[in-house]
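A.B. asks: One structure, as structure tokens, below. Some questions next.
The values are calculated or read from the model by the stated rules, or taken from the named source; none is laboratory data. Just so you know, these numbers come straight off a predicted model, no measurement behind them. Backbone-built Cβ (ideal geometry, glycine too); neighbour counts: all protein chains shown.
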Amino acid sequence: MGFDIARIYLGVNKGWTVNQCAKKLLEWYDRHCRPLPWRQKINIYHTWVCEVMSQQTTLAVVVPKFSEFVKHLPTIHDLAACDEQTLRQLWSGLGYYARARNLNKGAKFIVEQLKGRFPKSYHEWLKIPGCGPYTASVIASVCFNEKVACVDGNVVRVVSRLLALSEDVWSSSGKAAIQTHVDQMIPEERPGDFNQAIMELGATVCRKSKPLCLLCPIQQECLAFADNCVEICPPKKPRRDTVDVELFALVFWRKATDTVAIAYRTKGFLSNTVGFPLIPATEASEIKRVIQSLEHLQLLELSSRFSHSITHHRISGNILVAQELENPSINTESVPWLKLGLPKSFDWVPRTVVVSKLSSALDNKVFKLFENYILGYIKSA
Ligand code: SF4
């Protein structure tokens, strides 16, 4: 790959030293760090929760959810004892519910196996179920002053520009090389603040587009700035080909109580999240046939379609509304279509509050189209 590590720790390109760069970053951080709720006082539990929440979710969403989360579950013991439904409610809006389950799993491990005592080093944190190198490095450096570098997307960008790297920094070997660079940069003093400073710089100044180089504390050291190649550094992630996916979303509606059925999806798209069953188009005709054979259900296919993108998947689909004509509960054990891969059980939720239970934007789109139909139906009835 040809990363030139000498560039970073000898400062040969511009005569700057790593210490100098770290010092500037720390001074800048002291003046400009955002006053986030988990930064007020170091708390291992809070650091852990906020780092997991912040992965793939914006701070604007995380901050209010974090405060609500730690208010309801103030200790690791509360998190370990938290039931699935409460956890889902507290996590709703943050997406990627698997992260919440991992947190809960990790909390149980700490409470049951470690008698509620938090691990105190990077390597010990790696043994906690669901805790990866990034989370372990944040906790170890911020809470225990361990000299271990945190490398997220922001850090990859800052370091790539600082050193004007032209290599593929997004591959696993590229990230490993960045990790080596930052390991060389991280100071003995205040390693946690250094990690936060470089991540903060990437989030607020050395932004993906339109970086604010004129406000940057390490502009003098930055090789990309000097070489006038900031805009092309780092090289873009190689794009994966887009895959088109056709799905059917299944919405059960019980008219008598104006409730809809949602379920915990265990497989397929958006597995491990709560929402409407999603059926691959190839299986839809069989499911339609079975629903139509049930006397108490009336099946309707809405004319409106939904579309949504998840990573490189471009999803589009139709909505099937299965309306209950009488008022029997759907017997989850006996209804034959459960054998077709649909969830084992449903929660019937009042239509007016179902949005608060949905965990993905796709479900929200489906619900909105369904509700438009229902409101029209009720009006015309
Ligand atoms: S000078 Fe610009 S490109 Fe270089 S680190 Fe600062 S913000 Fe990023």
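A.B. asks: Name the one entry in K237, K147 that is more than 22 Å from the chain's Cα centre (by Cα) and of a type in the set (K, R). Write out each step before concluding.
C.D. replies: Values: K237 fails: more than 22 Å from the chain's Cα centre (by Cα).
That would be K147, the only listed residue that is more than 22 Å from the chain's Cα centre (by Cα) and of a type in the set (K, R).
A.B. asks: Go through (1) more than 21 Å from the chain's Cα centre (by Cα); (2) surrounded by 15 or more Cβ atoms within 10 Å (Cβ to Cβ); (3) in contact (Cβ under 8 Å) with a residue 60 or more places away in the chain; (4) more than 16 Å from the ligand (Cβ to nearest atom) for S304 and report which single condition fails.
C.D. replies: (2)
A.B. asks: To continue, here is another question. Regarding segment 99-108, can at least one residue be identified that is free of Cβ contacts under 8 Å to residues at least 40 places away in the same chain, farther than 29 Å from Q179 by Cβ and among the hydrophobic types (A, V, I, L, M, F, W, C)?
C.D. replies: Scanning segment 99-108, I find no residue that is free of Cβ contacts under 8 Å to residues at least 40 places away in the same chain, farther than 29 Å from Q179 by Cβ and among the hydrophobic types (A, V, I, L, M, F, W, C), so the answer is no.
A.B. asks: For segment 31-63, enumerate the residues that are charged (D, E, K, R) and part of a loop (DSSP other than H, G, I, E, B). First the steps, then the outcome.
C.D. replies: Looking only at segment 31-63, we keep the residues that are charged (D, E, K, R), and these are 31, 34, 39, 41, 51.
Correct list: R34, K41.
A.B. asks: Looking at (1) more than 15 Å from G153 (Cβ to Cβ); (2) away from the ligand (no atom under 16 Å from the Cβ); (3) under 27 Å from the mean Cα position of the chain (by Cα), which is the one condition that is false for A256?
C.D. replies: The failed condition is (3).
A.B. asks: Hey, another quick one. I'd like to verify a number: residues in segment 145-160 that are within 12 Å of the ligand (Cβ to nearest atom) and over 19 Å from D227 (Cβ atoms), how many?
C.D. replies: The total comes to 2.
A.B. asks: Which condition breaks for W28 when tested against (1) under 16 Å from the mean Cα position of the chain (by Cα); (2) part of a helix (DSSP H, G or I)?
C.D. replies: Unmet condition: (1).
A.B. asks: Here is a follow-up. Given the conditions (1) outside the structural domain of R161 (by TED's automatic domain parsing); (2) within 16 Å of the ligand (Cβ to nearest atom), which single one is not true for A263?
C.D. replies: (2)
A.B. asks: Please go through segment 161-186 and pick out each residue that is within 20 Å of A203 (Cβ to Cβ) and within 16 Å of the ligand (Cβ to nearest atom). Let's see the steps before the verdict.
C.D. replies: So in segment 161-186, the residues within 20 Å of A203 (Cβ to Cβ) come out as 161-163, 165, 169-170, 175, 178-179, 181-182, 185-186.
Listed by number, the residues that qualify are R161, L162, L163, L165, V169, I178, H181, V182, M185.
A.B. asks: Another question, then. Evaluate segment 144-157: report whether one residue or more is farther than 25 Å from H46 by Cβ and either in a helix (DSSP H, G or I) or touching a His at 6+ places or on another chain (Cβ under 7 Å) (or both). Quick ask: steps written out before the conclusion?
C.D. replies: Filtering segment 144-157 down to residues farther than 25 Å from H46 by Cβ leaves 156-157.
Still in the running and either in a helix (DSSP H, G or I) or touching a His at 6+ places or on another chain (Cβ under 7 Å) (or both): 156-157.
Yes, there is a match, as at least one residue in segment 144-157 is farther than 25 Å from H46 by Cβ and either in a helix (DSSP H, G or I) or touching a His at 6+ places or on another chain (Cβ under 7 Å) (or both).
A.B. asks: Within segment 264-294, work out how many residues are free of Cβ contacts under 8 Å to residues at least 24 places away in the same chain and either of a type in the set (D, E) or within 22 Å of I374 (Cβ to Cβ) (or both).
C.D. replies: So the answer is 1.
A.B. asks: Taking segment 146-203, which residues are free of Cβ contacts under 8 Å to residues at least 12 places away in the same chain and farther than 29 Å from P119 by Cα?
C.D. replies: S171
A.B. asks: Just give me the residues in segment 313-325 being in contact with an Asp or Glu (Cβ under 7 Å, 6 or more places away or on another chain), surrounded by fewer than 17 Cβ atoms within 10 Å (Cβ to Cβ) and not hydroxyl-bearing (S, T, Y), in sequence order.
C.D. replies: Selection gives R314 alone.
A.B. asks: Something else: Given the condition of a type in the set (G, A, S) and surrounded by fewer than 12 Cβ atoms within 10 Å (Cβ to Cβ), answer yes or no: does some residue in segment 229-249 qualify? Steps first, please.
C.D. replies: Initial filter on segment 229-249 (of a type in the set (G, A, S)): 249.
Add one more test, that the residue is surrounded by fewer than 12 Cβ atoms within 10 Å (Cβ to Cβ), and what stays is none.
Looking for residues that are of a type in the set (G, A, S) and surrounded by fewer than 12 Cβ atoms within 10 Å (Cβ to Cβ), one finds none in segment 229-249, hence no.
A.B. asks: In segment 210-220, is there at least one residue being touching a helix residue (DSSP H, G or I) at 6+ places or on another chain (Cβ under 6 Å) and more than 8 Å from the ligand (Cβ to nearest atom)?
C.D. replies: no
A.B. asks: Now a separate question. Being more than 21 Å from the chain's Cα centre (by Cα) and free of Cβ contacts under 8 Å to residues at least 12 places away in the same chain: is that true of I232 here?
C.D. replies: On the way: more than 21 Å from the chain's Cα centre (by Cα): yes; free of Cβ contacts under 8 Å to residues at least 12 places away in the same chain: yes.
Judged against the criteria, I232 is a match.
A.B. asks: Among the candidates E124, E68, single out the residue that is under 30 Å from K147 (Cα atoms) and free of Cβ contacts under 8 Å to residues at least 24 places away in the same chain.
C.D. replies: On the way: E68 fails: under 30 Å from K147 (Cα atoms).
After applying the criteria, what remains is E124.
A.B. asks: Follow-up. Taking segment 159-180 as the region of interest, how many residues are in a helix (DSSP H, G or I) and either among the β-branched types (V, I, T) or in contact with a Phe, Trp or Tyr (Cβ under 7 Å, 6 or more places away or on another chain) (or both)?
C.D. replies: Residues of segment 159-180 in a helix (DSSP H, G or I): 159-162, 172-180.
Checking the rest, the ones that are also either among the β-branched types (V, I, T) or in contact with a Phe, Trp or Tyr (Cβ under 7 Å, 6 or more places away or on another chain) (or both) come to 159, 177-178, 180.
Summing the residues that are in a helix (DSSP H, G or I) and either among the β-branched types (V, I, T) or in contact with a Phe, Trp or Tyr (Cβ under 7 Å, 6 or more places away or on another chain) (or both) in segment 159-180 gives 4.
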